[in-house]
Each structure stands twice: as structure tokens, then as C-alpha cells.
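Novice: Once you've had a glance at the structure underneath, I'll fire off some questions.
The values are calculated or read from the model by the stated rules, or taken from the named source; none is laboratory data. If you're wondering where the values come from, they're calculated on a predicted model, not measured in any experiment. Using ideal geometry, Cβ is built from the backbone for each residue, glycine included, and neighbour counts are taken over all protein chains shown. Quick note on the areas: whole protein, heavy atoms, side chains included, nothing else; ligands and nucleic acids left out. Shrake-Rupley method; radii C 1.70, N 1.55, O 1.52, S 1.80 Å.
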Amino acid sequence: GRYFGTAVASGRLGDSTYSTILDREFNMITPENEMKWDTTEPSRGSFNFAPADAIVGHASAHGQRMRGHTLVWHSQLPDWVKSLTDATTLRGVMDNHITTEMSHYKGTIYAWDVVNEAFADDGSGRHRGSVFQNVLGDGFIEEAFRTARNTDPSAKLCYNDYNIENWSDAKTQGVYRMVKDFKSRGVPIDCVGFQSHFGTGGPPASFQTTLSSFAALGVDVQLTELDIAQASGNAYATAVQDCLNVTRCTGITVWGIRDSDSWRSGENPLLFDRNGTKKPAYGAVLTTLGGS
Ligand code: G3I
């Protein structure tokens with residue numbers, strides 16, 4: 001009952017080894033870069049959806065669902081946005097970006113990463129600095145989620161981040177407090193994405209506790225960008241089992257198909273090798289999912 005997805009790069013869809021594996025193995029797609037602000041609105045009010053449309057078209061032709069990634073993020077953000085200093089202007093720009101992109105894809109997206117990576121890595125448990133944080137203040141995340149809900153009420157709205165898998169980490173606790181606050185005040189949020197970029201050992205021992213603790217707040221949880229340095233079968237099996245053990249863990253996405261497609265290709269972190277051959281981690285995942 002859970003989906004198993006992958007990140008897709010539009011430029012690789014014409015590679016038949018790539019697309020054959022994609023359509024055989026995966027039923028959820030996240031565009032790796034094509035829905036990010038630097039691609040979709042490179043200059044103010046000028047939108048380019050062609051690269052992402054190619055991926056959405058592929059998904060609809062092959063019965064795959066889509067995760068939208070991502071609407072508000074400090075990275076891959078054009079300089080014209082970064083240079084805004086007036087709150088009214090930036091709020092209008094952010095809301096227009098959300099409504100225009102979400103409207104274009106209305107009805108085609110299962111879940112949106114509305115806000116990505118807004119928390120700091122400094123052990124403070126607080127938001128990181130960004131133009132959104134610095135100009136709009138803490139409320140920018142809530143504003144983005146409310147705007148998103150008004151635009152496409154049928155899409156699930158997720159907060160997505162990395163290094164929030166270990167339950168005791170300050171960053172994890174900061175995100176947990178935000179989700180708890182949103183749920184208590186009726187701010188619309190449906191899901192939390194745990195990127196799950198792991199080292200050789202795979203997920204921390206507390207990962208299942210983290211997933212179930214968030215789920216208990218009343219949100220779905222998902223592994224949204226899973227990759228594991230050197231891709232040990234045990235590490236992959238543990239990550240998948242942690243999700244299976246939590247009812248509201250609705251799916252897993254790996255961040256690419258072959259090792260050569262990965263943003264960390266030097267660490268061979270994926271389920272298929274450079275030739276598109278299944279690695280031992282593939283078998284470990286399949287077995288954990290109950291296949292053979
Ligand atoms: O498209 C340009 C190309 O025109 C240019 O010639 C080339 C030269 O460097 O760069 C190309 O853009 C690159 C882009 O990927 C598309 O390939 C960027 O430099 C490169 O920085 C970018 O990397 C992406 C990275 O996000 C950027 O932050 C990765 O592909 C992508 O896998 C990665 O994904 C992120 C998630 O969105 C959020 N979580 C972390 C994850 C890993 O960093």
C-alpha cells in the first residue's frame with residue numbers, strides 16, 4: 001500500500017536504460033531540479049514549466065504519481081529573489097510563486113514540498129537564515145502553507161528537511177515543535193518529508209521513533225530523498241523497515257536511479273549500478289517490502 005519513488009532528471013528521460021528502470025520499478029516521481037525556483041521563475045513573473053512538464057507528462061503516461069519539489073527554499077533561488085528587502089514585496093513574490101506554480105500543476109501532484117530545509121544545522125533548533133526568514137520573519141512558513149492550501153486543496157502539503165531523522169537532535173526537535181504548533185493552531189500541514197541522506201551505517205537507531213512521533217501529531221511521514229553511502233543491503237533494509245513499521249509512513253523515494261545519476265555518485269548510494277544492474281541493496285529492499 002505504500003509508494004516507491006525516485007527522483008527524475010528531465011534530461012535523462014531519453015536514455016532508454018534509465019526510463020526502462022524508471023517505468024518498471026517506480027510509481028512515484030519527484031523532479032530532481034525542474035520544479036525549483038531557479039528553473040520555474042528565473043526572472044520575476046516569467047515562468048518556465050517546460051522541463052517539469054516533460055516529467056509530469058511522462059508520469060501521467062506511465063501511471064506514476066508526482067511529488068512536487070519544491071516551492072520555497074533558500075537554495076537554487078534566483079538572485080532577484082535573494083536581493084529583495086521589502087517585506088510586502090517579498091510576501092507578494094512568494095505567494096505569487098506558490099499560487100502560479102501550484103495552479104499550473106493543480107490536480108497532478110500528490111504532495112508538495114511547500115517549504116524545504118528551513119531549519120538550521122547549528123544545534124539551535126531554530127530556523128536558518130534566508131531571505132524569507134530575514135525579511136518576513138518566523139511566520140513565512142505558515143504563510144506559505146496557508147497560501148498553498150488555498151491554491152490546491154487536494155494536494156498534500158509537506159515540510160521537507162534533512163538531518164531530522166535522529167529523534168534527539170535539536171533540528172529534529174525544532175521541526176517537531178513547529179508541526180505540533182501548526183496542528184494545534186490549524187495551520188494546514190499534512191506531511192513531513194525526511195530526506196534520509198545517510199552515511200554508510202544507514203538510519204540512526206531512533207529513526208522509527210522519530211517517524212512514529214511525528215505521525216502521532218496527525219501528519220503522514222515519508223522518506224523523500226533516500227540514499228545511503230555504499231548502499232549496504234542491511235542499511236537499506238533497516239530504512240525501509242522503519243517506514244513499514246509506522247502506519248502513517250506512506251511511501252519511500254530514493255534520490256535517483258543509477259549510482260551515476262546521483263548527486264553523490266562518488267559514494268555509490270543507490271539501488272542500481274552505472275550499467276543499470278540491480279545491486280544487492282535492491283534485493284534487500286525488495287525482500288523487506290515482502291517481494292521475492
Ligand atoms: O543545469 C545546470 C547546467 O546548465 C550547468 O552547465 C551545470 C554546471 O554546473 O549545472 C547545472 O545545474 C546543476 C543542477 O544540479 C542540474 O544538474 C547544478 O549546478 C547543481 O548544483 C544541481 O545540483 C542539485 C542540488 O540539489 C542543488 O542543490 C542536484 O542535482 C540535486 O540532486 C540536489 O537535490 C537536493 C534536493 O533538492 C534537496 N535536498 C538535498 C538534495 C541533495 O543536495
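Here is a yes/no grid of residues against (1) in contact with a Gly (Cβ under 8 Å, 6 or more places away or on another chain); (2) in a loop (DSSP other than H, G, I, E, B):
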{"residue": "Gln230", "(1), (2)": "no, no"}
{"residue": "Val240", "(1), (2)": "no, no"}
{"residue": "Ile252", "(1), (2)": "yes, no"}
{"residue": "Ser260", "(1), (2)": "no, no"}
{"residue": "Trp263", "(1), (2)": "yes, yes"}
{"residue": "Gly266", "(1), (2)": "no, no"}
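Novice: Quick check on this structure: which one of Arg274, Arg264, Arg258 is over 17 Å from the mean Cα position of the chain (by Cα), within 14 Å of the ligand (Cβ to nearest atom) and at negative phi? Give the steps one after another, and end with the answer.
Specialist: On the way: Arg274 fails: within 14 Å of the ligand (Cβ to nearest atom); Arg264 fails: over 17 Å from the mean Cα position of the chain (by Cα).
Going through Arg274, Arg264, Arg258 in turn, the sole match is Arg258.
Novice: Do we have any residue at all in the range 25-40 that's farther than 23 Å from Ser103 by Cα, of a type in the set (Asp, Glu) and either at pLDDT below 95 or away from the ligand (no atom under 16 Å from the Cβ) (or both)?
Specialist: So far as the range 25-40 goes, yes, one or more of its residues are farther than 23 Å from Ser103 by Cα, of a type in the set (Asp, Glu) and either at pLDDT below 95 or away from the ligand (no atom under 16 Å from the Cβ) (or both).
Novice: Take Ala54 and decide whether it is over 17 Å from the mean Cα position of the chain (by Cα), within 16 Å of the ligand (Cβ to nearest atom) and either closer than 30 Å to Leu84 by Cβ or not in a loop (DSSP other than H, G, I, E, B) (or both).
Specialist: Values: over 17 Å from the mean Cα position of the chain (by Cα): yes; within 16 Å of the ligand (Cβ to nearest atom): yes; either closer than 30 Å to Leu84 by Cβ or not in a loop (DSSP other than H, G, I, E, B) (or both): yes.
Yes; evaluated as a whole, the condition is true for this residue.
Novice: Taking the criterion of being under 21 Å from Tyr159 (Cα atoms), part of a loop (DSSP other than H, G, I, E, B) and open to solvent by 20 Å² or more (accessible area, probe 1.4 Å), would at least one residue in the range 13-33 satisfy it?
Specialist: Pass one, the range 13-33, residues under 21 Å from Tyr159 (Cα atoms): 28-33.
Filter once more, keeping what is part of a loop (DSSP other than H, G, I, E, B): 32-33.
The next check asks that each one be open to solvent by 20 Å² or more (accessible area, probe 1.4 Å); those that pass are 32-33.
Scanning the range 13-33 turns up at least one residue that is under 21 Å from Tyr159 (Cα atoms), part of a loop (DSSP other than H, G, I, E, B) and open to solvent by 20 Å² or more (accessible area, probe 1.4 Å).
Novice: Now a separate question. Among the listed residues Ile228, Ile252, which satisfies the condition of being within 15 Å of the ligand (Cβ to nearest atom), among the aliphatic types (A, V, I, L, M) and within 19 Å of the chain's Cα centre (by Cα)? Give the steps one after another, and end with the answer.
Specialist: Numbers: Ile252 fails: within 15 Å of the ligand (Cβ to nearest atom).
The match here is Ile228.
Novice: Looking at the range 78-113 only, could you name the residues that are open to solvent by less than 10 Å² (accessible area, probe 1.4 Å) and more than 23 Å from Pro31 (Cα to Cα)?
Specialist: Within the range 78-113, Leu90 is the sole residue that qualifies.
Novice: Find all pairs meeting these conditions: Cβ atoms under 8 angstrom apart; at least six residues apart or on different chains; first residue within the range 6-35 and under 15 Å from Tyr110 (Cβ atoms); second residue open to solvent by 60 Å² or more (accessible area, probe 1.4 Å).
Specialist: Asn27/Gly63; Asn27/Arg65; Met28/Arg65; Ile29/Arg65
Novice: Being among the hydrophobic types (A, V, I, L, M, F, W, C) and open to solvent by less than 10 Å² (accessible area, probe 1.4 Å) is the filter; apply it to the range 57-76 and report the residue that is farthest from the ligand (Cβ to nearest atom). Let's see the steps before the verdict.
Specialist: Within the range 57-76, the subset among the hydrophobic types (A, V, I, L, M, F, W, C) is 59, 61, 66, 71-73.
Next cut, open to solvent by less than 10 Å² (accessible area, probe 1.4 Å) only: 59, 66, 71-72.
On the way: Ala59: 18, Met66: 15, Leu71: 12, Val72: 13 Å.
Looking at residues that are among the hydrophobic types (A, V, I, L, M, F, W, C) and open to solvent by less than 10 Å² (accessible area, probe 1.4 Å), I get Ala59.
Novice: May I ask you to list the residues in the range 37-51 that are surrounded by fewer than 19 Cβ atoms within 10 Å (Cβ to Cβ) and either β-branched (Val, Ile, Thr) or part of a loop (DSSP other than H, G, I, E, B) (or both)?
Specialist: To start, the set of residues in the range 37-51 that are surrounded by fewer than 19 Cβ atoms within 10 Å (Cβ to Cβ) comprises 38, 42-51.
Selection gives Pro42, Arg44, Gly45, Phe47, Asn48, Phe49.
Novice: Quick one: which of Ser19, Ser43 is among the small types (Gly, Ala, Ser) and touching a Leu at 6+ places or on another chain (Cβ under 9 Å)?
Specialist: On the way: Ser43 fails: touching a Leu at 6+ places or on another chain (Cβ under 9 Å).
Residue meeting the stated conditions: Ser19.
Novice: Pairs under 7 Å by beta carbon, first residue more than 19 Å from Ala170 (Cα to Cα) in the range 128-139, partner open to solvent by less than 40 Å² (accessible area, probe 1.4 Å) and in a loop (DSSP other than H, G, I, E, B), six or more apart or different chains?
Specialist: Val131/Leu84; Val135/Leu84
Novice: Taking Asp259, is it crowded, with 21+ Cβ neighbours inside 10 Å, within 18 Å of Thr210 (Cα to Cα) and without any contact (Cβ under 8 Å) to a residue 60 or more places away in the chain? Steps first, please.
Specialist: On the way: crowded, with 21+ Cβ neighbours inside 10 Å: yes; within 18 Å of Thr210 (Cα to Cα): no; without any contact (Cβ under 8 Å) to a residue 60 or more places away in the chain: yes.
So Asp259 does not fit the description; no.
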